[in-house]
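To start, the structure under review is shown below, and the notes come after it.
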Amino acid sequence: MTEELRLNEYKERIKAAIRSNSDRGFVNYSGCIRLSMEMMSIVEQAEAGAQRDPVLAFDIVIMVINEVMKLISHTDDSSGSLGEAIRDSMRVIDEFCQSIDESNRKYFFDTIIKTAKRKAMKEWPDFGYGLLQSVVHLIHEKKQVRKVSEVFEALGTLYSGSKYPEEYVITYKITNRLEGPEAADQYLMTHIKVPELRCIAVEKALEEKNYASAEELCITAKSIEEQGFNRNLKWDHYLERIYSETSNQTKLIEVVYGILAQGDTSYYPKLQQLYDAEGTWEQQKEPLLQKLSVTLSDHYYASVLHQADEFEKLLELLSRDNSLIMSYGQQVAKRYPDEMYPIYEAYILDQAQHATDRRKYRETCRFLKKYYDAGAKQESVQLIDRLSAMYPRRSAMLDELSKLKGKLEK
């Protein structure tokens, strides 16, 4: 069977999948998931057959990208499944470009350039740049660079008018390929304010074990970028790696605390381990928790207290912010039932008061079930009776409460 016939076979399969999962040109949430699974299946088959016919495999995956890109603006892709299918297709294209023989390099290059310049890519430039990354493996002359620049122009700029950071990254890689590492390093340092290029510079410095340079790059980046809660922590994570590899315990403790104070509560046990290694954890624990109680929001601070087994402090926090009881109420109630049950009841009564439809009544019942599971067997049933008496006109609520009571009394 010729390549053209095989390609037509897959084209019909793609069209059939789109027809069966769309309604008047729109693909809903579940249709997106089914369609993406079919597209990924086609890509997987193309990848498996690449050794036998690499050009056919390449053309099939490019066709998948084109068809999905034409469709994606008319879908409910809130699951991200179609986006995942596109990214998976681009991963396969990149692998093809790294292994293709010389005779097909020009065809691959020209096809990717043509695909990346399509109108749909301008509407979704992240995908356009993602595909364009693959041409770096195929470039061998400056004439091709001009074609890449044309794609940059077609994809446009950010809302601010600035270039997309991916353009700098691709240009850096092309410079390295055509002009060598020295020219690439010069380009890197000229545009070092671009965070994506700074990351490349940090990675290079770490690979060369030039820790002083890597540290300086990260510290400078932190001083430039906006400070505040939930800022980008990539530079802190790099510094963590630097101080770990250089055994700089003092600075490592400082940066790990900084990441924790930004809300990454998974760093609490890491910080404890560092203090344990110094033998100072017992002295540091209480002052640390005090600082975090001021620095962190209740949500993050509750997570720290839970990890620290500080249930008395967690009880105090829940008494001030009872919205946290759904996450931590059961654990605290096991230790302090007399104190926690009134907090549960106050929260449930408030939720019931503001409930206005069956969905919210069910949510109130879910809270009641949590209260029951926290150990309040008798108290939760009594609260159901109390709510039933308080809202005799809410027939939907009474129905939901009655069903829950039946389940609890079995």
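Read-outs throughout are calculated quantities, based only on the coordinates presented, and are distinct from any laboratory measurement. Because the structure is a prediction, the values reported are computed rather than measured. Every residue, glycine among them, receives a Cβ derived from its backbone with ideal geometry; neighbour counts consider all protein chains shown.
Assorted remarks:
- One chain, two ends: Ser20 and Glu196. Fully extended at 0.36 nm per residue, the span grows by 59.3 nm beyond their Cα-Cα distance.
- Amide H partners (placed H, <5 Å) of Thr75, local residues excluded: Val27
- Proximity of backbone amide H atoms, modeled 1.01 Å from N, is registered between Lys117 and no other residue at under 5 Å, excluding neighbours fewer than 5 places apart on the same chain.
- Peptides 23-29, 334-340, 162-168 ranked from most to least packed, by the mean per-residue count of other Cβ atoms within 10 Å: 162-168, 334-340, 23-29.
- Karplus-derived HN-Hα couplings along region 354-363 (A = 6.51, B = -1.76, C = 1.60, θ = phi - 60°), whole Hz, x at Gly and Pro: 9, 6, 10, 8, 4, 4, 6, 5, 5, 5
- Cα Rg, Dmax (largest Cα-Cα span) when computed across region 339-408, Å: 10.8, 32
- Along its first, second and third principal axes, ordered by size, the chain spans 79, 60, 40 Å in Cα coordinates.
- Shape category assigned to region 110-194 from the gyration tensor of Cα positions, a/c cut at 1.5: oblate
- Across region 339-408, C-alpha contacts under 8 Å between residues 6 or more apart give a mean separation that, scaled by the residue count, equals a relative contact order of 32 percent.
- Of the peptides 90-96, 322-328, the order by per-residue mean of other Cβ atoms within 10 Å, starting with the highest, comes out as 90-96, 322-328.
- Averaging over all projection directions, the Cα-based convex hull of region 34-85 occupies 3.3 nm² in the image plane.
- Principal-axis tilt of helix 29-48 within the chain, Cα atoms, nearest 10 degrees: 40
- Per-residue extension of 0.36 nm, minus the Cα-Cα distance of Met326 and Ile219, leaves a gain of 34.6 nm for this segment.
- Degrees, to the nearest 10: 395-408 long Cα axis against longest axis of the chain: 80
- Computed from backbone phi, the HN-Hα couplings of region 102-110 come to 4, 5, 10, 5, 5, 5, 4, 4, 4 Hz, rounded to whole numbers (Karplus: 6.51 cos²θ - 1.76 cosθ + 1.60, θ = phi - 60°; Gly and Pro given as x).
- Each Cα pair under 8 Å and six or more residues apart adds its separation to the average, and for region 1-86 the resulting relative contact order is 37 percent.
- Relative contact order for the chain: 6 percent, from Cα pairs under 8 Å spaced at least 6 residues apart, divided by residue count.
- Taking a quarter of the surface of the Cα convex hull of region 160-211 gives a mean projected area of 3.7 nm².
- Karplus-based coupling profile of region 296-310, in residue order and whole Hz: 8, 5, 4, 4, 6, 5, 4, 4, 5, 4, 5, 5, 7, 6, 9, with θ = phi - 60° in 6.51 cos²θ - 1.76 cosθ + 1.60 and x standing for Gly or Pro.
- Cβ-Cβ FRET estimate between Glu102 and Gln307, R0 fixed at 60 Å, reported to 0.05: 0.60
- Principal-axis analysis of the Cα atoms of the chain puts helix 54-71 at an angle of about 50° to the longest axis.
- Potential extension, Glu141-Ser41 segment - 0.36 nm per residue separation minus Cα distance: 32.4 nm
- Cβ-Cβ FRET estimate between Glu179 and Gln51, R0 fixed at 35 Å, reported to 0.05: 0.55
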